[in-house]
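The values are calculated or read from the model by the stated rules, or taken from the named source; none is laboratory data. From a predicted model like this one, the values you see are computed outputs, not experimental measurements. Neighbour counts are summed over all protein chains in view; Cβ atoms, including those assigned to glycine, are modelled from backbone coordinates with ideal geometry. For accessibility, only protein heavy atoms count, side chains too; no ligands or nucleic acids. Shrake-Rupley method; radii C 1.70, N 1.55, O 1.52, S 1.80 Å.
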Amino acid sequence: MKMKSETEENQLEELPTYNHIHLERKANNRVKILKSLKGKLRNNCTCSTRKVKKTITGFFPVIRWLPKYNIKENTWGDIMSGLIIGIILVPQAIAYSLLAGLKPIYSLYTSFFANIIYFLMGTSRHVSVGIFSLISLMVGQIVDREVQLAGFDLDDDVVKSIKDGNATDISMNLTTVNITFGMLNIECGKECYAISIAAALTFMAGIYQVLMGVFRLGFLSIYLSEPMLDGFATGASLTILTAQVKYLLGLKLPRSPGIGMLVMTWVNIFKNIHMTNFCDVVTSAICIAVLVAAKELGDRYKDKIKIPLPTELVVIVVATLISHYCNLNEVYASSVSGVIPTGFIPPKVPDFSLMGKIAVDAIPLAIVSFAFTISLSEMFAKKYAYTVKANQEMFAIGFCNIIPSFFHCFATSAALAKTLVKTSTGCKTQVSSVVSAIVVLLVLLFFAPLFYSLQKCVLACIIIVSLRGALRKFKDLPAQWRLNKIDAVVWSVTVLSSALISTEIGLMVGIVFSMLCLIVRTQIPHTAMLNHIQDTVFYEDGGRYENLLPIPKIKIIRFESPLHYANKDYFLQSIYKKVGVNPSLEIIRRKKLEKKLNKKKENKETEQMKNNDNNDIHIQLVNKKNDLETIVLDCSSISFLDTSGMNALKGLLKDYKEVQINILLACCNTSVIDSLCRGGYFGKQDKDIHKMLFHTIHDAVEFAREKELLVTHSTV
């Protein structure tokens, strides 16, 4: 054996030595799950005056903030915004009754009770809760389906001749059948059955929302992505628009509830276009022109006009007067709203015999209602620097559905348009909701019969113009495509499925598709090959930046995703592709070469031939070995490992070790380190951790270079 000279030993001593950073981990004091659960149960089950008070004030936030109400600063803004929202609410409530397939009086009831209950239970100061076009449409589709299944004619638009009726008249109906309710057979007409379905549906949706609040499932709203919700609202807006066209044209068309409603409705419109009522067409053209012009002027001069113009109310008042004095219903057969009685119907328990029919339908209704309410609450809370409680919002919107369902109301939600008006007119607290409720109450008690002659085409115009914001999303699609193609695809798929299939199926398709996109993005993440930024200790993606320096015999790879069972195979293939060496194939290749070498040795050929072949094979093995010596895995983007991910890393380490390639890990977080330690990645008792794990990429590179120099000098 040849001894090293004294000069060579001195050269080895003069080589730079890598100083590994040693950090001592704190003791991990794990809390025992059983002990923690017992503590929480004990804390929740104990009763004290303070806890009771906290529970009550938490459930009714109004108790906490109303005594501190600043009359001087808040009163004027709350009264003004409440009056304006109330004035806007009345025509919208009457209009949205067309979407819900119910009489206008029920929309007014819904607006009144929703405002009062949210005032008591809501945590947002600015959100306007009440009727919402999308929710009304979803309710209307279910009501139409059940009414049709019960044997009623959906297009029974006979107008009652009683002009000065009261609230008790509404329980009567011209067409009646015997419907079984529980143990009793009750004669119930179309209108009675429709509101019974709507009330039962609303009750079930409220129950689902309260259960979500009890089990603290408010966080589920984060899985409803913004592109999906926008696409759902836009697709539903197309359906709403389609449903109102027949009123604009004055056509008596059969409704087409269920799948393909939009297509079937347009087919029926073109089939019956020759039956257009020209009085309704002229009225619709004038109303849309006035409403759109007023909206555009309001948007253009919103900084100068502090109070929004009550255009809808003006249009309704003028149109009603013209219709009444010109006898448009009698002369031109123009369809009108009919009797809107005054007062309140006696409360009634929702019919539990109907719950089974609509239990599944109430789920998407509950999801959409709470999703829009929570998202709007959080958006305006962030804008005005206060906080809202997601679970309490769930309780609030849940009881905004449960309690009104006893008073012949249908489902509610927060509405963006009214919330924007509310904030722009100086709203400070939910006291404005009480003012809006008082305005609706005055209409319910005194002014409702005055809307008898109001044409339905005018209500349809109000609904269509209110969809401007959602329909404008089509204009934003090219910008969205440039910004994020996946979000644009999610939006488009949700729009198409909501419009062409149905709103409920569209919601389901949108949620599933957006989740699949998220899963695919985590399963097929970006894998980057990092190179050195000259004269620094930093490294970046060589495929994205210019003038970066590759490091000889070292490859640095960053996998930009958690490592788990769903993407472990993609992780391994990405590493093999970036490194250029598949260890399994390399092992097979080397075994073949070794087998060839052994075979040559066994053959008794000339000595010259054997020497040449052996040298060639030896050169191939040595050259392949020296191409790459170290792989550094940048784990900064790996937030967690599961068992499959850990086994993938262990397998990678083992396979590359067989082909004389080292693997070093850098920038691991503590949870990943703990997973690797538990899996025995660093050997028994983690004895090799300081040779395999580094705090920065540069530390790992320097360690690999030092090791390479030591190996080189030791073999000289």
**Asked** Does Lys625 count as at pLDDT below 80, over 29 Å from Leu649 (Cβ atoms), open to solvent by 80 Å² or more (accessible area, probe 1.4 Å) and out of contact with any helix residue (DSSP H, G or I) (no Cβ under 8 Å at 6 or more places or on another chain)?
**Response** no
**Message:** Looking at segment 170-185, can you tell me whether even one residue there is open to solvent by 40 Å² or more (accessible area, probe 1.4 Å) and either modelled with pLDDT of 70 or more or assigned to a helix (DSSP H, G or I) (or both)?
**Reply:** yes
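Quick check on segment 263-286. Is at least one of its residues of a type in the set (A, V, I, L, M), more than 26 Å from Leu328 (Cα to Cα), out of contact with any strand residue (DSSP E or B) (no Cβ under 6 Å at 6 or more places or on another chain) and without any contact (Cβ under 8 Å) to a residue 40 or more places away in the chain?
Step one: filter segment 263-286 for residues of a type in the set (A, V, I, L, M), giving 263-264, 267, 269, 273, 275, 281-282, 285-286.
When the remaining residues are screened for being more than 26 Å from Leu328 (Cα to Cα), the result is 263-264, 267.
Subsequent filtering for residues that are out of contact with any strand residue (DSSP E or B) (no Cβ under 6 Å at 6 or more places or on another chain) retains 263-264, 267.
Checking the rest, the ones that are also without any contact (Cβ under 8 Å) to a residue 40 or more places away in the chain come to 264, 267.
Yes, the conditions are met somewhere in segment 263-286.
Test Ser237 against the criterion of being over 24 Å from Ser334 (Cα atoms) and touching a helix residue (DSSP H, G or I) at 6+ places or on another chain (Cβ under 6 Å), and give yes or no. Working first, answer last.
Details: over 24 Å from Ser334 (Cα atoms): yes; touching a helix residue (DSSP H, G or I) at 6+ places or on another chain (Cβ under 6 Å): yes.
Yes.
For segment 315-330, does any single residue satisfy the condition of being aliphatic (A, V, I, L, M) and under 39 Å from the mean Cα position of the chain (by Cα)?
yes
Could you list, in sequence order, all residues of segment 494-515 that are open to solvent by 20 Å² or more (accessible area, probe 1.4 Å) and closer than 23 Å to Ala366 by Cβ?
Let us first name the residues in segment 494-515 that are open to solvent by 20 Å² or more (accessible area, probe 1.4 Å), namely 496, 500-501, 504-505, 508-509, 511-513, 515.
Within segment 494-515, Ile501, Glu504, Ile505, Met508, Val509, Ile511, Val512, Phe513, Met515 meet the criteria.
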**Complete:** From the option list Leu328, Leu354, Leu309, single residue qualifying as at pLDDT below 85 and touching a helix residue (DSSP H, G or I) at 6+ places or on another chain (Cβ under 7 Å) is Leu309
**Prompt:** Do we have any residue at all in segment 483-506 that's closer than 24 Å to Ser377 by Cα, touching a Phe, Trp or Tyr at 6+ places or on another chain (Cβ under 8 Å) and modelled with pLDDT under 85?
**Reply:** yes
**Message:** For segment 649-660, give me each residue that is open to solvent by 10 Å² or more (accessible area, probe 1.4 Å) and in a loop (DSSP other than H, G, I, E, B).
**Reply:** Gln660
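Given the structure, is Ser107 open to solvent by less than 10 Å² (accessible area, probe 1.4 Å) and over 25 Å from Ala198 (Cα atoms)?
Details: open to solvent by less than 10 Å² (accessible area, probe 1.4 Å): yes; over 25 Å from Ala198 (Cα atoms): no.
No: the conditions fail for Ser107.
Restricting attention to segment 287-328, and to residues there that are small (Gly, Ala, Ser) and touching a residue at least 40 places away in the same chain (Cβ under 8 Å), which single residue is farthest from Cys461 (Cα to Cα)? Before the answer, list the steps.
Of the residues in segment 287-328, the ones small (Gly, Ala, Ser) are 289, 293-294, 298, 319, 323.
Checking which are touching a residue at least 40 places away in the same chain (Cβ under 8 Å) leaves us with 319, 323.
Details: Ala319: 12, Ser323: 15 Å.
Looking at residues that are small (Gly, Ala, Ser) and touching a residue at least 40 places away in the same chain (Cβ under 8 Å), I get Ser323.
What do you reckon, is Gly343 within 27 Å of Gly122 (Cβ to Cβ) and open to solvent by less than 30 Å² (accessible area, probe 1.4 Å)? Break it down into steps so the answer makes sense when it comes.
Numbers: within 27 Å of Gly122 (Cβ to Cβ): no; open to solvent by less than 30 Å² (accessible area, probe 1.4 Å): yes.
Criteria not met by Gly343.
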**Asked** Which of the residues belonging to segment 532-564 are under 32 Å from the mean Cα position of the chain (by Cα) and open to solvent by 100 Å² or more (accessible area, probe 1.4 Å)?
**Response** Arg544
